[in-house]
Amino acid sequence: MVGRTEEKIGQLLKDWRIRIYLVAIIFLGIIPLIFMGLQFGMDFKGGSMIQLELEKSVDETTMSTMVTILGERLNGFGLKDVSVRPFGEQYITVEVSATDANSVDALKKILSQQGKYEAVIDSIVVLKSEDLVEIVTNPQKGYGYIGSTGEWRVPFALSKEGSDMFAEHAAGKCTKEAGEVVCERIFMFIDRPENAAILMPQAHYDLESSMNIDPDSPSSFAVGIDEFGRNTITTIIPTDTITDDILAELSAGGFERVLVPEDANYDTSRINASVSVVPKVNKYWLWDAVGLKSILFLTPGVTSGEPIREAVITGGAPDLETAQAELTEMVVILKSGRLPVKIQIASTNIVSPTLGETFLNDSLTMGVLALIAVGFIVFIRYRKPKITGLMVLATVSEVALILGVTALIHHELDIAAVAGIIAVVGTGIDQFIIITDEIQRGTELDADESVVSRIKKAFRIIMGAAFTLTAAMLPLMTLGLGLLKGFAITTLIGVFIGVIIVRPAFGKVVEVFN
């Protein structure tokens, strides 16, 4: 009996299908799993998934630009395990390992900003994002903090067009009054709202009618609300309620966007424009509403009319920790560039590392139980331990090959990917049964039809099913339907591994040992 078994094993090892199977197990299964390891998605290792909605549908080129810029922003924060991927034509999914509330809020803020830089002098935009050709981060050239205060500086180099534009509109903006030099101010923004009106309660308006540049320092120079509105190029309307007169004023102005503070008790349902509710984070709500980052005095050196090629953005914070956050945010936005389309946060999902580990353990447990259940049902059907063992072994090796290829191509395993593996295992068992039944029928029934022809018939059925499943999965993988991609990729990997490697080897083994 032993000699007969050895003879059959020797016969199998000479078959090209078995040799391909063994080589695949080693080089596509064992080696990638040992030396590369599996990469787990947010579902299993924990993290945050932020869904971004674009202002409008975009083409493939624009979407690629959006993904690249957002990736650069996240990398600028030094984050690891970052995934930015398109979801259809109007959504982008961002996955990061951060889970604490403060980090997630900071990420949402940096991701939701379009990154449109503007500098305004006397209500005229004199610099834009495209005018900034280099962001300087060398402390020897003025980048960083000033002393132990919260003041920070970001130098940058201008293009020729930008420097000429700046020189033209800054010329003569410093004058002598009573023997003293008095200069205009320059207002610097990130994502200044265009064609916008601001509605704010009278109490807000009174508080911010004269705003100190440093809210915590009464001695710092102040900016009146009229000058503020002129240089932000927005219309500021103080009102405690939205009356018909207010609606008529908004309609006459043709405003496309209306900004209101979150603590205002407004009924905005009748406003015929896009309404943005802005949270009140700092003392001066208006700064956040219009994206104002800093206000600087021009100096006589830059108002002579001669083009300058270098400038600087400065800001202040009450402490070094806040200053560091503001400085990092400014540099990341300026370096990554302006997004071609505005975006907003659509949803945020957070999975803690502990919960992710629980998902992973539960998935492994369910997989083992499913395999035991499958083996039990197969044994009841055939009553042959040998057949049952072969099917279970083939199923385990197929899963190992799928996981190995997944590690080889650095594809992250998430719950959707595991669902794809389960789907492949389910169809695999069906196909193993088809092969086994055809082989047994070929040996037990009429001799006019050989075992080989019956195996070919089984494989025609299997190939038809494989092509059908592939046709169903390709759209999910190629159309960028986000979370379904993991399911489609692992399913397709399993289909090709099954048809090319596992099924032929299984058929040969059953034929020999039947």
Restricting attention to the range 169-183, does a residue exist that is within 27 Å of Leu339 (Cβ to Cβ), touching a Phe, Trp or Tyr at 6+ places or on another chain (Cβ under 9 Å) and either in a strand (DSSP E or B) or among the hydrophobic types (A, V, I, L, M, F, W, C) (or both)?
no
Condition test on Ile124, is it in contact with a helix residue (DSSP H, G or I) (Cβ under 6 Å, 6 or more places away or on another chain) and either surrounded by fewer than 17 Cβ atoms within 10 Å (Cβ to Cβ) or polar (S, T, N, Q) (or both)?
yes
For the range 286-337, give me each residue that is on the phi < 0 side of the Ramachandran plot and assigned to a loop (DSSP other than H, G, I, E, B).
Leu298, Thr299, Thr303, Ser304, Glu306, Pro307, Ile308, Arg309, Gly316, Ala317, Pro318, Asp319
The lone condition Pro340 fails out of (1) part of a loop (DSSP other than H, G, I, E, B); (2) in contact with a helix residue (DSSP H, G or I) (Cβ under 9 Å, 6 or more places away or on another chain); (3) over 30 Å from Val58 (Cα atoms); (4) not hydrophobic (A, V, I, L, M, F, W, C) is (3)
Residues of the range 250-285 that turn out to be touching a residue at least 24 places away in the same chain (Cβ under 8 Å) and part of a helix (DSSP H, G or I), as a count
3
So Ser97 passes all but one of these: (1) more than 14 Å from the chain's Cα centre (by Cα); (2) closer than 19 Å to Thr348 by Cβ; (3) hydroxyl-bearing (Ser, Thr, Tyr); (4) surrounded by fewer than 17 Cβ atoms within 10 Å (Cβ to Cβ). Which condition number does it fail?
(1)
Scan the range 236-247 and give yes if some residue there is touching a helix residue (DSSP H, G or I) at 6+ places or on another chain (Cβ under 8 Å) and modelled with pLDDT under 90, otherwise no.
no
Considering only the range 10-45, state which residues are under 18 Å from Val84 (Cβ atoms) and either in contact with a Gly (Cβ under 9 Å, 6 or more places away or on another chain) or in a helix (DSSP H, G or I) (or both).
Phe40, Gly41, Met42, Asp43, Lys45
Would you mind finding the one in Ile308, Ile271 that is farther than 19 Å from Glu151 by Cβ, in the same structural domain as Leu207 (by TED's automatic domain parsing) and touching a strand residue (DSSP E or B) at 6+ places or on another chain (Cβ under 8 Å)?
Ile271
Could you say whether any residue in the range 136-147 is aliphatic (A, V, I, L, M), outside any loop (DSSP other than H, G, I, E, B) and surrounded by 16 or more Cβ atoms within 10 Å (Cβ to Cβ)?
no
So, in the range 477-510, of the ones that are modelled with pLDDT under 80 and part of a helix (DSSP H, G or I), which residue ends up surrounded by the fewest Cβ atoms within 10 Å (Cβ to Cβ)?
Thr478
From the options Val351, Val374, residue that is surrounded by 18 or more Cβ atoms within 10 Å (Cβ to Cβ) and under 24 Å from Gly428 (Cα atoms):
Val374
On the basis of being β-branched (Val, Ile, Thr), surrounded by 15 or more Cβ atoms within 10 Å (Cβ to Cβ) and touching a residue at least 40 places away in the same chain (Cβ under 8 Å), does Ile30 make the cut?
no
Selection count, the range 121-147, where residues are farther than 17 Å from Ile190 by Cβ, touching a residue at least 24 places away in the same chain (Cβ under 8 Å) and not hydrophobic (A, V, I, L, M, F, W, C):
6
Could you tell me whether any residue of the range 436-449 is modelled with pLDDT of 80 or more and buried (at least 19 other Cβ atoms within 10 Å of the Cβ)?
yes
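The values are calculated or read from the model by the stated rules, or taken from the named source; none is laboratory data. Here the structure is a predicted model, which is why all the values come from computation and not from measurement. Cβ coordinates were reconstructed from backbone atoms using ideal geometry, including for glycine residues, and neighbour counts include every protein chain displayed.
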